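> Dropping the structure in here first, questions after.
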């Protein structure tokens, strides 16, 4: 605050100052004064001083005298008045800084209103320098300020052009109809050597902030294609520093020129999204496939460089763009996560089963069909002539309660079924029964046959599977057949009618009287498979004749699939029950199954790659035949041929989403190496799916000639969120803990050398999420930039030139 | 399930409840009196038994057929071991035949807890039929008890072949000798504490005093001691006496304030009301050893101080004795008393043990108990274990080890240690897949009465298997010997362990603390570590703590500093099954200790993971992949989708298609606009192929 005399006497040549004259502050000027005060610091960064001049009452000079002059702010450079601003144009810090800089940088930032003006400037710059063209919907906004601040720094390097006319943006090829938001284009006029040639433009795709403009200009300033001749692992460019990937085009001496042109083409496409470098292969000793022609280096530390074989420049671009999209999302997530951390959402349930059950807890379950047993009633229930199904559960345990709900569905389904009694025991109320029955896990489902041996259910915990198990386990397993007629009937699928709807295939064990070892093993296998498979057994004198019909000799298995009615004879070479179980399970697998949530585990156990066709609805007749031919080939043992109906298994959409950035046209044939490497290959969409085509494609896969469309993450399942770190809380408040040598009070704990007796407490220090989303990851794009933002010192220097 | 777990049931047979009942204060009375002059080994009888060969030889000898002795007998019988019990009385539980004199058992007889869970109800249901029960117990189970056998001397016979390098040689009142490999002392604390001061001959003992209130009619009574037996006696005669005064050194500790069952229980504290409200009866604080009692001619008893007696002229009569009121006319106990009753509690009988056994009394206020290690083995002699009330030095004034409802668990623990040490039977354990980790802890902390009663003394131990895919669960292990877990249990703890223990808040009770202070309960899981009431605490160690670490643990901490710790927030109903407040924070703790994801998933999620990830979370790996996936109902899946925890794929997703087209469109446009010739990379590839 100064008097007018003092103020004018202090004005230095070349220094800018913003002055506001006032006599006695009127209340209406108060908000403006506040804003002006707030902007003091921001303007000081640009060497502009802000002064409030107190006018003496009697002063009637130019600035103090007139009433309306008091409603204005004046910008001086030295003692020359540059501009006067009505105070209502300076409504906040952004508008003050923007307007003041706009006035000061009158020469550096051209303001255009028409296309012609723009074209003229552009033409004048061609071959000389580049242009930064910005559109802001209005002056005095935050975006306007960002542009002006950038111009302050880069104004000498590039020509800045500003417009508030949305019309001018429409033309430059950006078809974006949304002109309400500010935009910035970098026009490469320096490269346009001929007047007729338009300047290439690279739009900045991020929001208009000083940081982003700075980043964008830095990227534009980097060489289009960097030539490198060292190990890519060691290369670092401005792109990597700014958190963008770097694409290497691996070149051969012979094709260097062409490769260079390719690199330039790619570089133009990726400008602002990734850097491009060209690396002559003979310059460095690369230990990679000779076929690889592209390498991708990501800014994330510790991520190895990926070497790829790509056929098309588009693939390079897609590769990078998808990645940057992904990163953008991840970055957002990062931010969200940070917010979440502050909000402490450790207490929010993230277990889908627990949450689902707790959302359902107020609904009263229709338990009429299920008998509730207690410590007192359990023993008597066991004496019932019916087979008693018991669900042992704990009323506080989510999986138990989820299964209880399926169990209710089973009870509804089996309503009226004779000879089966459904019951439940809550182990939380009656631990005695559960302990006695040796229930160590919740839930456990058992079937008790009139007090005898109990059968524990070990199948899928779903209502259909459980209902089928309860019904099928009613039949003795294996079923002893007395005559050849019965045996033949059994193979034809003649079963008690109530079983028919649960029945898939019949297995008949045929034994000669002598083979008692195999027979006993088979009977034991029957016990294990009871409820899951229908097994029959025939060991009469004419067993040999029966088995001969199917070209085997006893001991043998006859397998009748209900689908086609064919019977297959298999010699029973293995003698142990477990082997027989394995064998039956294996033989019952389909050759070309439709994969569902329920049956996948059976096929997973084979631990083979999957050749899987995703189809929206049933697959076509020809494709089905071709695939069946493929599946029936003997080397089929090497992989599982199957298909997935997205209509029956909608979660298949989720799989496709993970495999492909964009949903491919269906049906699509995919090879997935689930158990080794996790690569996913998709059958070329143009080719018809025929046995030969697929086989030759598979050959190429094996030879390593195909490029995986994606690779399954091999990340471990880490704790989704950190735990409460009670140890730390106690350390800071419970003094006894300080007695412990490993703990130094009040000091940040240093990571201790490995092997020291006290390792760090894992809680809260373990990486809480999958790699890549950790809180510690400081090098996520944007964050690094803070360090590289223009230094204020630099601005001071420049200011003297103004 | 381990043998021990079945105990409650097998004791069933209509008499089960008996074991859970009893006099909680093992010695029946207050613990606040220091017994003085503990007996030394009696040298007179120090004569090693004859080696005449007809001596009775056993693997295990138990002295005392009280609750703990019989219980140990039961365990040994179940395990098929060679044992014998010696009981000096003609029936079991001779202490309980006599005490408590006024038949006021201090047990809480609570049949209704609002729960049917019998394991939970154990600590709440007592049945005061102790002796009958013990008799039935011994008889029904055909335990080998030798009645009317008083062991009067115990000595050692060194022998390198013996389990412990020596045999214990026991001599009974008939000079019959017994040779034992292992000695289990379950004698309780039955020697009444006596204080010697001038005039102490006028004092009647609790053990002999009349229990008929009429004998006290119109009398003025002084009671020495301030434990449960003192108050029990006072309570019994309160209605008929002129007034009762009680003298002891320390202030009254009320059990409901200290959480220590041996402190004064509400059932016996009627006198406090008359003291506080009617100013009739009184409590006084003073050191009994400074006292003296003189009897006047009318037979009234006067209290004076030893100091006056020592300075008096011996030749003068009773009248010459200075009474405090002569100098201080408002001396509290100036009124003469008709009776002085001693109710000072009991102590362990040290007299029968030869000095070579080095069975030493504890320090300070634990001097009525022998010194033992946290595994209940004598500090002086290997192979000698102290069971029951006498083992209370381990948790004196803290937990329930001195009382039936506590030592029934420690006795079982000792038996398990012995099974491992002498018979190679490892501590019983159950192996579970890691997916059951959270559940198994929740189940135990909610039902395990041993953890609850013997809080901070017995702990459940979870031993992790390699790669943390499975774990082994050991119940109710004495946490004081955690460092020796591998040798004591025969189990391996190579991959880290959890210790589950119950604790009160560290600053909850004590002198001058209002235990009903406002806001005393902690309700939020994130402040659980400040919980005040008994609550479960889980310690995680990456490796077993060493003995050194156990020794140098912070004072008052049951365990040394863990690698991580979790408190389950205290619960008003002691029901720790709330999904969000109890189970979720526990799961997060376990997950972070193990570095894995312990969430449950529906089969559909596992299906998706199986196709899109190379690794599966444990729940899918151990369930779904083994064909035991959790399918769930449509409704549940709907709930999960609503919660955003499961994606709904049934709504066909067209965004993918749109994305594809717009993506390509913009690219095409870019190319056209700039009219750049497309140079496919094919070129590069072809060139290389030629090489």
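> Can you find a residue in the stretch A:573-588 that is in the same structural domain as residue A:545 (by the TED database), crowded, with 17+ Cβ neighbours inside 10 Å and not in a helix (DSSP H, G or I)?
no
> Hey, among A:606, A:589, A:600, which residue is under 26 Å from residue A:491 (Cα atoms) and within 13 Å of chain B (Cβ to nearest Cβ)?
A:589
> For residues in the stretch A:676-707 being closer than 29 Å to residue B:650 by Cβ and in a loop (DSSP other than H, G, I, E, B), which is nearest to the other protein chains (Cβ to nearest Cβ)?
A:678
> Moving to a separate point now. Out of all the residues in the stretch A:708-719, which are surrounded by 15 or more Cβ atoms within 10 Å (Cβ to Cβ) and in contact with a strand residue (DSSP E or B) (Cβ under 9 Å, 6 or more places away or on another chain)?
Matches in the stretch A:708-719: A:708, A:709, A:710, A:712, A:713, A:717.
> Moving on. Quick test of your reading of the structure: residue B:61 fulfils all but one of (1) modelled with pLDDT under 90; (2) out of contact with any helix residue (DSSP H, G or I) (no Cβ under 6 Å at 6 or more places or on another chain); (3) outside any helix (DSSP H, G or I). Name the failing condition by number.
(1)
> Out of the stretch A:400-417, which residues are farther than 20 Å from residue B:600 by Cα and either in contact with a helix residue (DSSP H, G or I) (Cβ under 9 Å, 6 or more places away or on another chain) or assigned to a helix (DSSP H, G or I) (or both)?
Correct list: A:408, A:409, A:410, A:411, A:412, A:413, A:414, A:417.
> Could I ask something else about it? Would you say residue B:608 is more than 29 Å from residue A:469 (Cα to Cα) and either at pLDDT 85 or above or at the interface with another protein chain (Cβ under 7 Å from one of its Cβ atoms) (or both)?
Considered against the rule, which asks whether it is more than 29 Å from residue A:469 (Cα to Cα) and either at pLDDT 85 or above or at the interface with another protein chain (Cβ under 7 Å from one of its Cβ atoms) (or both), residue B:608 comes out as no.
> Since residue A:655 meets every condition but one in (1) part of a helix (DSSP H, G or I); (2) exposed (fewer than 15 other Cβ atoms within 10 Å of the Cβ); (3) touching a residue at least 40 places away in the same chain (Cβ under 8 Å), which condition does it not meet?
Only one criterion in (1) part of a helix (DSSP H, G or I); (2) exposed (fewer than 15 other Cβ atoms within 10 Å of the Cβ); (3) touching a residue at least 40 places away in the same chain (Cβ under 8 Å) is unmet by residue A:655, namely (2).
> On to the next question. Could you list, in sequence order, the residues of the stretch A:543-561 that are touching a residue at least 40 places away in the same chain (Cβ under 8 Å) and exposed (fewer than 14 other Cβ atoms within 10 Å of the Cβ)?
Passing the criteria: only A:545.
> Then there's this: Quick check on my filter: what residues within the stretch B:164-176 are at negative phi and either outside any loop (DSSP other than H, G, I, E, B) or surrounded by fewer than 17 Cβ atoms within 10 Å (Cβ to Cβ) (or both)?
Of the residues in the stretch B:164-176, the ones at negative phi are B:164, B:166-174, B:176.
The answer is B:166, B:167, B:168, B:169, B:170, B:171, B:172, B:173, B:174, B:176.
> Here's another thing I want to ask about it. In the stretch B:305-312, is there at least one residue being more than 30 Å from residue B:409 (Cα to Cα), in a loop (DSSP other than H, G, I, E, B) and modelled with pLDDT under 70?
yes
> Mind checking which pairs have a first residue in the stretch A:593-608 that is within 11 Å of residue A:644 (Cα to Cα) and a second that is surrounded by fewer than 20 Cβ atoms within 10 Å (Cβ to Cβ), Cβ under 6 Å, 6 or more apart or different chains?
Correct list of pairs: A:594/A:645.
> Next up: Within the stretch B:587-603, track down each residue that is more than 7 Å from chain A (Cβ to nearest Cβ), closer than 16 Å to residue A:352 by Cα and not in a loop (DSSP other than H, G, I, E, B).
B:587
> Continuing with this model, one more query. Here is a list: A:322, A:334, A:285, A:347. Which entry is out of contact with any strand residue (DSSP E or B) (no Cβ under 9 Å at 6 or more places or on another chain) and at pLDDT 75 or above?
Details: A:322 fails: at pLDDT 75 or above; A:334 fails: at pLDDT 75 or above; A:285 fails: at pLDDT 75 or above.
Checking each option against the conditions leaves just A:347.
> Looking at the stretch A:196-208, which of its residues are touching a helix residue (DSSP H, G or I) at 6+ places or on another chain (Cβ under 6 Å) and over 17 Å from residue A:157 (Cβ atoms)?
A:206, A:208
> Given the criteria away from every other protein chain (no Cβ under 12 Å), in contact with a strand residue (DSSP E or B) (Cβ under 7 Å, 6 or more places away or on another chain), more than 22 Å from residue A:590 (Cα to Cα) and in contact (Cβ under 8 Å) with a residue 24 or more places away in the chain, does residue A:667 qualify?
Judged against the criteria, residue A:667 is not a match.
> May I pose another question? How many residues does the stretch A:310-319 hold that are buried (at least 19 other Cβ atoms within 10 Å of the Cβ) and either under 22 Å from the mean Cα position of the chain (by Cα) or modelled with pLDDT under 75 (or both)?
Number of matching residues: 3.
> Are any residues in the stretch A:378-405 over 15 Å from residue A:447 (Cβ atoms), surrounded by fewer than 23 Cβ atoms within 10 Å (Cβ to Cβ) and in contact with a strand residue (DSSP E or B) (Cβ under 8 Å, 6 or more places away or on another chain), and if so, which ones?
Selection gives A:395, A:404.
> Next question, about the same structure. Any residue at all in the stretch B:620-627 that's more than 7 Å from chain A (Cβ to nearest Cβ), buried (at least 24 other Cβ atoms within 10 Å of the Cβ), at pLDDT 90 or above and in a helix (DSSP H, G or I)?
Within the stretch B:620-627, one or more residues are more than 7 Å from chain A (Cβ to nearest Cβ), buried (at least 24 other Cβ atoms within 10 Å of the Cβ), at pLDDT 90 or above and in a helix (DSSP H, G or I).
> Could I ask something else about it? What number of residues in the stretch A:680-705 are surrounded by 18 or more Cβ atoms within 10 Å (Cβ to Cβ) and either touching a residue at least 40 places away in the same chain (Cβ under 8 Å) or within 26 Å of the chain's Cα centre (by Cα) (or both)?
The total comes to 7.
> In the stretch A:234-256, how many are within 11 Å of another protein chain (Cβ to nearest Cβ) and in a helix (DSSP H, G or I)?
Number of matching residues: 1.
> Out of B:568, B:583, I need the residue that is more than 7 Å from chain A (Cβ to nearest Cβ), surrounded by 23 or more Cβ atoms within 10 Å (Cβ to Cβ) and touching a strand residue (DSSP E or B) at 6+ places or on another chain (Cβ under 6 Å). Which one? Reasoning before the result, please.
Details: B:583 fails: touching a strand residue (DSSP E or B) at 6+ places or on another chain (Cβ under 6 Å).
Result of the check over B:568, B:583: B:568.
Residues checked against (1) touching a residue at least 40 places away in the same chain (Cβ under 8 Å); (2) under 49 Å from the mean Cα position of the chain (by Cα); (3) surrounded by 21 or more Cβ atoms within 10 Å (Cβ to Cβ); (4) under 24 Å from residue A:539 (Cβ atoms):
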site	(1), (2), (3), (4)
A:450	yes, no, no, no
A:458	no, yes, no, no
A:469	yes, yes, yes, no
A:489	no, no, no, yes
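> Spot the failing condition for residue A:126; the list is (1) in contact with a helix residue (DSSP H, G or I) (Cβ under 8 Å, 6 or more places away or on another chain); (2) surrounded by 14 or more Cβ atoms within 10 Å (Cβ to Cβ); (3) within 22 Å of residue A:217 (Cβ to Cβ); (4) away from chain B (no Cβ under 14 Å), and only one is missed.
(1)
> Failed condition for residue B:555, given (1) more than 20 Å from residue B:465 (Cβ to Cβ); (2) part of a helix (DSSP H, G or I); (3) at the interface with chain A (Cβ under 7 Å from one of its Cβ atoms), with all others met?
Status for residue B:555: all satisfied but (2).
The values are calculated or read from the model by the stated rules, or taken from the named source; none is laboratory data. This is a predicted model, so every value here is computed, not measured. In this analysis, Cβ positions are derived from the backbone assuming ideal geometry, glycine residues included, and neighbour counts consider all displayed protein chains.
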